[in-house]
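Worksheet: the structure to be examined is printed underneath.
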Amino acid sequence: MNRDISTEITFDATLRGYDLTLTTTWGLFSPKTIDAGTQLLIENMEIGKGDTCLDLGCGYGAIGITMAKCASNAEVYMVDKDFIAVEYARKNVKQNNIQNCHVQLSNGFSHLPDTQFDVIASNLPANVGRELMHIFFYDAKRYLKPNGRIYVVTISGLRGFIKRNFMEVFENYMKIKQRKTHTVAMATRM
């Protein structure tokens, strides 16, 4: 099969009861549908009214857009190090009429404004490396407000690693939901 990698892909998804239209392209993670891990994270994170939220590694924006929909008066930041992902996240924010999202290019926390977050969420890829995940967790702690929460979804094989690192960095860990292939975990900044 010969595919044009510049072809855009548009699909509809219902996330937390919100009907969304998402546009992606080949080369972005899970371009034709919301993957099982992202779906599990979206279903199990708590977003409060007025929360300041961060979608870390936003891809084309499914997590951040859902955060913004869950609390229309929340302020949501969406960052990714891939400029194509940022372009599509911006496109998806616009086409879903989201007013409370800021999308920007950033390698992790490197280009974020001086902001403290109530919620940070991320679908952490298994192949980013343990050192980089460790750095993300320490950076997340620095950017979280007191009692702020970080939610991550990973393949279930990384559950023990996430637990150990959350205990080291945040001194707490909660397994929110586990399925055969993915686990959602949360830690709170004390």
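At-a-glance table
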| quantity | calculated |
| --- | --- |
| Filtered residue count, the stretch 151-173, keeping only those that are exposed (fewer than 14 other Cβ atoms within 10 Å of the Cβ) and either without any contact (Cβ under 8 Å) to a residue 24 or more places away in the chain or among the acidic types (Asp, Glu) (or both) | 6 |
| Scan of the stretch 5-40 for residues that are small (Gly, Ala, Ser) and surrounded by 14 or more Cβ atoms within 10 Å (Cβ to Cβ), ordered by number | ALA13, SER30, ALA36, GLY37 |
| Residue match in the stretch 156-174 (condition: in a strand (DSSP E or B), modelled with pLDDT of 95 or more and of a type in the set (Val, Ile, Thr)) | no |
| In the stretch 125-136, the residues that are assigned to a helix (DSSP H, G or I) and out of contact with any strand residue (DSSP E or B) (no Cβ under 9 Å at 6 or more places or on another chain) | ASN127, VAL128, ARG130, GLU131, LEU132, HIS134, ILE135 |
| Exclusive hit being crowded, with 24+ Cβ neighbours inside 10 Å, over 22 Å from HIS182 (Cβ atoms), at pLDDT 95 or above and among the polar types (S, T, N, Q), set ASN92, ASN96 | ASN92 |
| Selection from the stretch 113-124 of residues that are surrounded by 15 or more Cβ atoms within 10 Å (Cβ to Cβ) and either without any contact (Cβ under 8 Å) to a residue 40 or more places away in the chain or not in a strand (DSSP E or B) (or both) | LEU124 |
| Condition met for SER110 (hydroxyl-bearing (Ser, Thr, Tyr) and at pLDDT below 95) | yes |
| Which numbered condition GLY57 misses (of (1) surrounded by fewer than 14 Cβ atoms within 10 Å (Cβ to Cβ); (2) touching a Pro at 6+ places or on another chain (Cβ under 8 Å)) | (1) |
| Condition check for GLY48: within 14 Å of GLU87 (Cα to Cα), assigned to a loop (DSSP other than H, G, I, E, B), at pLDDT below 95 and not β-branched (Val, Ile, Thr) | no |
| In the stretch 68-112, the residues that are in contact (Cβ under 8 Å) with a residue 24 or more places away in the chain, part of a loop (DSSP other than H, G, I, E, B) and out of contact with any helix residue (DSSP H, G or I) (no Cβ under 9 Å at 6 or more places or on another chain) | ALA71, SER72, ASN73, LYS81, ASP82, ASN107, HIS111 |
| Residue in the stretch 137-145 that is of a type in the set (Asp, Glu) and either part of a strand (DSSP E or B) or under 17 Å from MET78 (Cα atoms) (or both) present | yes |
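The values are calculated or read from the model by the stated rules, or taken from the named source; none is laboratory data. Please read all numbers here as calculations on a predicted model, not as lab measurements. When we count neighbours, we look across all protein chains shown, and the Cβ atoms used for this are built from the backbone with ideal geometry, even at glycine.
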